[in-house]
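The values are calculated or read from the model by the stated rules, or taken from the named source; none is laboratory data. This is a predicted model, so every value here is computed, not measured. No Cβ is skipped: glycine too gets one built from the backbone with ideal geometry, and neighbour counts run over all protein chains shown.
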Amino acid sequence: MIIDYFKEICSIPHCSFDSDKLMNFLVDFAKSRGYEIHTDEAKNIYITKGSPVICLQAHYDMVCVGDAPNIEPIEIDGFIKAKNSSLGADNGIAIAMMMVLMDEQKEVEFLITANEEVGLVGANGVDFALRSNYMLNLDSEEEGEICIGCAGGVDIKATKKLKKISNTFECYEVSLSDLPGGHSGVDIDKNIPNALIELAKFLKDKNIKIIKFKGGERINSIPANAKAIVACDMKPESEDGFSIRRVEKYDYCYDENVIQIISDFKHGVLEFNESLNIPNISQNLAIVDIADDILSIKVGIRAMSMDDLDRTSKETSEYFKSFGFEVEKKDKYPAWKPEVNDFVKKIEEIMRAQLGKSEIKAIHAGLECGVLKQKYPKMKFASIGPTIHFPHSKQEMVEISTVYSTFKVANRIINEFEK
């Protein structure tokens, strides 16, 4: 039933900021199973029954890439993926698990948050009087792992008015498309090429001026596509992966070294945490666009401590300011400091008994636990989930066997704390 429910979720549009249809579906589903329902102004959903001592938590929006929200799930070689789009297993699989638990009439709390993928918006707006002592987040992406800590993050938007100058050269469109993409946190150390950086490096040291530059999909995705229109005295020589074609001549270009600003940016892992075996600090050059003579650049920064996050965001802001940009910081969310407590130890025991393996880890990505821990300081938190590869990209896939094994672990955890 979990996979059936997940496929039903796939059929309901639920991109971030456009997920009301799925919210209404979940509310109706829970009501039909006899659960008490509450929603808040942030469009979070609180579902409860009986006298719960444990709360299960997930988000119901997804990162839409490619053809999404028109998702066509495909089962192949033990995985589910989508045809030419992101899949939304992050976090749709967790929602499907919750639906099965509602069918089973479990006396637990369900906290289902909105707009997680665009800055943990829902979690920041949660306003429910939860009664549980424990919260099990279902947004981790590796079977057999218990996540007990996560990175904090902040988004930076840098904007600058560009100066037009006259152009006498021919114009060419240069594009780079369909790179692998990936999650800007968990995939940032996998040497996935950034289309914005690759395109800028290709154009660097060529005698060109920029007319247009546009690329990137989401603030939390490694860019898979980028395109520029340039003015130059001769057609650039092509290289593998780059598409170059002559276009209608523009009578202007911009007197600003846009290419240098992008190509020199320090994208990727800035510092590695050897003790946690994950990046300690990273930044993702996510989106670049020129519209109405304004160059806009968006960067997502992550760090495992708030001090490192603040320091890096200051350094990155200064980088853009040195080129005359105005800088805005937004959607800041806290890191979740790792803690091994009795809740974590019990999950480890259950997981090892069920799967024969268990590993306590932290993740270089934002989890809602960091925000919710501040709202519910007396609760104890942990996060588990099935194995999901390449979330936030068209290569996203979930390993089916791990869905069922993770659900069995979650069910045993619930049963243990219901006693």
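A few notes on this one:
- The stretch 180-198: number of residues that are closer than 21 Å to E141 by Cβ and either among the hydrophobic types (A, V, I, L, M, F, W, C) or not in a loop (DSSP other than H, G, I, E, B) (or both): 4
- Pairing each residue of the stretch 115-140 that is assigned by TED's automatic domain parsing to the domain that holds I388 with any residue that is among the aromatic types (F, W, Y) and part of a strand (DSSP E or B), provided the two are 6+ apart or on different chains, yields C-beta distances under 6 Å for L120/Y333; F128/Y46; M135/F381.
- Matching residues, the stretch 316-346, being surrounded by 13 or more Cβ atoms within 10 Å (Cβ to Cβ), assigned to a helix (DSSP H, G or I) and in contact with a Lys or Arg (Cβ under 9 Å, 6 or more places away or on another chain): T316, S317, Y319, F320, F343, V344
- The strands (runs of 3 or more DSSP E) falling completely within the stretch 233-280 that include 1 or more residues that are within 23 Å of L179 (Cβ to Cβ) and not hydroxyl-bearing (S, T, Y) map to 242-247, 268-273.
- Qualifying position, being acidic (D, E), within 28 Å of L22 (Cβ to Cβ) and at pLDDT 95 or above, among E173, E143, E198, E116: E143
- Some residue of the stretch 379-399 being surrounded by fewer than 19 Cβ atoms within 10 Å (Cβ to Cβ) and part of a helix (DSSP H, G or I): no
- Per the conditions (1) under 24 Å from K43 (Cβ atoms); (2) surrounded by fewer than 22 Cβ atoms within 10 Å (Cβ to Cβ); (3) touching a strand residue (DSSP E or B) at 6+ places or on another chain (Cβ under 7 Å), the sole criterion not satisfied by M135 is (2).
- For first residues located in the stretch 221-237 and in the same structural domain as Y250 (by TED's automatic domain parsing) and touching a residue at least 24 places away in the same chain (Cβ under 8 Å), partners that are of a type in the set (F, W, Y) and part of a strand (DSSP E or B) and lie 6+ apart or on another chain with Cβ distances below 7 Å form the pairs A228/F213; V230/Y172; C232/Y172; K235/Y172; P236/Y172.
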